[in-house]
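Accompanying notes for the structure given below.
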C-alpha cells in the first residue's frame with residue numbers, strides 16, 4: 001500500500017498516541033525515577049508531563065507550518081533534497097538502534113526473567129517480532145483498527161490493576177516531600193520526558209498526513225499525549241506508595257512487582273501474568289509504530305512505490321539488534337541514562353528547534369528579497 005493513500009481517523013490517532021506514550025515506559029520508568037528522586041518521583045513525573053506537553057505543542061506547530069507533510073518531506077523542504085535525505089537516513093539509523101530494538105529487548109528480558117526463565121530470549125524476540133512484521137505487512141489502517149479493538153482490553157486491565165493495588169497504599173512512603181529539595185526532580189523529569197514524550201517526533205510520520213480529518217488531528221495528538229502521561233503518573237505514584245522508593249528503585253520492573261501485591265481475601269492473587277497482557281499490548285504498539293515510521297521514511301527517501309518489500313529485511317535486523325544491543329542488564333541501565341537521554345534530546349528537542357530555526361531564516365530571507373511595492 002502506498003503510504004500517501006493510508007488514512008486513519010483522529011480517534012485512532014489518539015489511541016495510537018496513548019499506547020505509544022505508555023509503551024515500554026510503564027515497565028521501566030518508575031525504577032529509574034525512584035533511583036534519582038526517591039519518594040518525590042511522582043512530583044518529577046508531573047513536571048515531566050508539563051515539559052512533555054510543551055514538546056507536543058512544538059511538534060504541532062511544525063505540522064501547522066507544513067500541513068499534510070510527513071517528517072521526511074518537512075526535512076527535505078527545509079534542508080534541501082540531498083541534505084534532507086542524508087539527515088533523515090542518519091536519524092533513521094540512530095533511531096533503529098536506540099528505539100525499537102531496545103524495546104524488543106525489554107520485552108524479551110521481561111519474559112525470560114519474570115515469567116518464563118527457562119526460555120531463551122532469542123525465541124521470545126523472534127515470536128514477538130513475527131507478530132510485529134505481520135502488523136507491518138497489513139499496514140497502518142489495520143494497525144489503527146486493531147488498536148481500537150485492543151484499547152478497551154488495555155483500559156479494563158489498567159483499571160483493574162490500579163483498583164486492586166490501591167488497598168496496599170501506605171501514605172508514609174511519599175513522606176517527607178521534597179526531602180532533598182528540587183535538585184533531584186529535574187534529572188528524574190528529564191528521564192521521564194526522554195522516554196515518554198521525546199520519541200513523539202516519529203509520530204510526525206503519521207500526524208497529520210495520514211489522518212482523514214486534519215482539523216481534529218491536533219486535538220487528538222495532544223489529548224492522547226496527555227492521557228498517556230497521566231496513566232504513567234498513576235503507575236509511578238502507586239509504585240512509590242505501595243512498594244516504597246527503595247524497593248521501586250531496586251526493582252527492574254516495578255509495575256510487575258506491583259501486580260504481585262494484588263491479594264484480595266487470599267483468593268484473588270498471583271494474577272500478575274494476566275496483568276502482563278497490558279504491557280504486551282503497549283509494547284507491541286510502541287515497537288510497531290517505531291518500525292512503521294522507519295519503514296515509511298525509508299520508502300519516501302528512496303521514492304519506493306511500495307514499502308512492503310522492506311518488511312522482512314527490517315524485521316531480521318530488528319531481531320538481531322534486539323539480541324545484541326544490550327550485552328547485560330548493567331550495560332542496559334548505563335546505556336539508558338548516558339546514551340538514550342542525549343540521543344532523545346537530539347532528535348526530540350534539538351531537531352525540531354533546528355527545523356523551526358531554518359524555517360524562520362528562510363521566511364526572513366524571502367521577505368528581504370521581495371522588491372518594494374513603490
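Checking the range 235-244 against the condition returns a match, with at least one residue being modelled with pLDDT of 90 or more and under 19 Å from the mean Cα position of the chain (by Cα). Looking across 13, 46, 54, 58, one residue alone is farther than 21 Å from residue 252 by Cβ, in contact with a strand residue (DSSP E or B) (Cβ under 6 Å, 6 or more places away or on another chain) and part of a helix (DSSP H, G or I). It is 13.
If residue 257 meets every condition in (1) more than 16 Å from the chain's Cα centre (by Cα); (2) surrounded by 15 or more Cβ atoms within 10 Å (Cβ to Cβ); (3) in a helix (DSSP H, G or I); (4) in contact (Cβ under 8 Å) with a residue 24 or more places away in the chain apart from one, which number is that one? Result: residue 257 fails condition (4) only.
With the structure loaded, tell me whether residue 185 is free of Cβ contacts under 8 Å to residues at least 12 places away in the same chain and under 22 Å from the mean Cα position of the chain (by Cα) or whether it fails that test. Lay out the reasoning, then the answer.
On the way: free of Cβ contacts under 8 Å to residues at least 12 places away in the same chain: no; under 22 Å from the mean Cα position of the chain (by Cα): yes.
Spelling it out, it is not the case that residue 185 is free of Cβ contacts under 8 Å to residues at least 12 places away in the same chain and under 22 Å from the mean Cα position of the chain (by Cα).
Going residue by residue through the range 260-270, is there one that turns out to be in a helix (DSSP H, G or I) and either out of contact with any helix residue (DSSP H, G or I) (no Cβ under 9 Å at 6 or more places or on another chain) or crowded, with 21+ Cβ neighbours inside 10 Å (or both)? Spell out the reasoning first.
Of the residues in the range 260-270, the ones in a helix (DSSP H, G or I) are 260.
Cutting the leftovers down to either out of contact with any helix residue (DSSP H, G or I) (no Cβ under 9 Å at 6 or more places or on another chain) or crowded, with 21+ Cβ neighbours inside 10 Å (or both) gives us none.
Taking every residue of the range 260-270 in turn, none turns out to be in a helix (DSSP H, G or I) and either out of contact with any helix residue (DSSP H, G or I) (no Cβ under 9 Å at 6 or more places or on another chain) or crowded, with 21+ Cβ neighbours inside 10 Å (or both).
Consider residue 362 carefully, then state whether it is more than 20 Å from residue 202 (Cα to Cα) and free of Cβ contacts under 8 Å to residues at least 60 places away in the same chain. Judged against the criteria, residue 362 is not a match. Just checking, does the range 23-34 include any residue being closer than 21 Å to residue 332 by Cα and over 19 Å from the mean Cα position of the chain (by Cα)? The answer is yes; a qualifying residue exists.
Criterion applied to 160, 167 was being in a helix (DSSP H, G or I) and surrounded by fewer than 14 Cβ atoms within 10 Å (Cβ to Cβ), and the one residue passing it is 167. Loosely packed, with under 15 Cβ neighbours inside 10 Å, farther than 30 Å from residue 153 by Cα and touching a residue at least 60 places away in the same chain (Cβ under 8 Å), is that true of residue 329? Spelling it out, residue 329 is indeed loosely packed, with under 15 Cβ neighbours inside 10 Å, farther than 30 Å from residue 153 by Cα and touching a residue at least 60 places away in the same chain (Cβ under 8 Å).
Within the range 206-239, count every residue that is in contact with a strand residue (DSSP E or B) (Cβ under 8 Å, 6 or more places away or on another chain) and surrounded by fewer than 19 Cβ atoms within 10 Å (Cβ to Cβ).
Pass one, the range 206-239, residues in contact with a strand residue (DSSP E or B) (Cβ under 8 Å, 6 or more places away or on another chain): 206, 210-212, 217, 220.
The next check asks that each one be surrounded by fewer than 19 Cβ atoms within 10 Å (Cβ to Cβ); those that pass are 212.
Residues in the range 206-239 being in contact with a strand residue (DSSP E or B) (Cβ under 8 Å, 6 or more places away or on another chain) and surrounded by fewer than 19 Cβ atoms within 10 Å (Cβ to Cβ): 1 in total.
At least 1 residues that are over 19 Å from the mean Cα position of the chain (by Cα) and closer than 19 Å to residue 285 by Cβ in each: list the helices (runs of 4 or more DSSP H) lying fully within the range 76-146 that qualify. Steps first, please.
On the way: elements: 81-98, 100-110, 121-138.
Of the helices (runs of 4 or more DSSP H) lying wholly inside the range 76-146, those with at least 1 residues that are over 19 Å from the mean Cα position of the chain (by Cα) and closer than 19 Å to residue 285 by Cβ span 121-138.
When the residues of the range 170-181 are filtered to those that are outside any loop (DSSP other than H, G, I, E, B) and exposed (fewer than 13 other Cβ atoms within 10 Å of the Cβ), the one that is nearest to the chain's Cα centre (by Cα) is 171. Of everything listed in (1) in a helix (DSSP H, G or I); (2) within 16 Å of residue 109 (Cα to Cα), the single unmet condition for residue 252 is (1). Within the range 93-104, not a single residue is over 23 Å from residue 343 (Cβ atoms) and touching a helix residue (DSSP H, G or I) at 6+ places or on another chain (Cβ under 6 Å).
The values are calculated or read from the model by the stated rules, or taken from the named source; none is laboratory data. These numbers were taken from a predicted model, which means no experiment stands behind them. Please note: Cβ atoms are built from the backbone with ideal geometry, for glycine as well, and neighbour counts cover all protein chains shown.
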